[in-house]
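Beneath this line is the structure, given in structure tokens, with notes to follow.
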Amino acid sequence: MKLQLLDRARKDIQHIRGHLKTRSPDGLQGVLADITRCFRSIESQPLAGRETPLDHVYERVSVKYHYLIPYLIRGDTITVLRVYDTRRQDYDYSTLLGGDKEE
């Protein structure tokens, strides 16, 4: 299966980078590695994620830093919708499937 990220998910990662870059450069590398491992896990076992109230949308939580990563499975494509730091922002299912570009 092919994994892609919506623009919003990319922006979430940019925000994480910006937030941690000056506060904890070493921590930033750990967080990015944790999120990357989660992406690989999603790609290799997409149906192992938790089901959500939305059709074809699942979610995984990164193991070490607990980022919530909702994703949509459509055909042979997995689309990461967001990368939430649940300690810093609310999680709202109703906003997940907005009109964002897939890349």
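Just one of (1) closer than 18 Å to T95 by Cβ; (2) touching a Pro at 6+ places or on another chain (Cβ under 7 Å) fails for A9. It is (2). When each of S44, S62 is tested for being free of Cβ contacts under 8 Å to residues at least 12 places away in the same chain and among the hydroxyl-bearing types (S, T, Y), the lone residue that passes is S44. Select from segment 43-58 the residues that are more than 22 Å from S94 (Cα to Cα) and either of a type in the set (D, E) or touching a strand residue (DSSP E or B) at 6+ places or on another chain (Cβ under 7 Å) (or both) and list them in ascending order. Scanning segment 43-58 gives a single hit, E43.
Laboratory data are not the source of any read-out in this text; all were calculated from the coordinates shown. Computed from a prediction, not measured in an experiment: that's the story for all the values here. Heads up, the Cβs are rebuilt from the backbone with ideal geometry, glycines too, and the neighbour counts pull from every protein chain shown.
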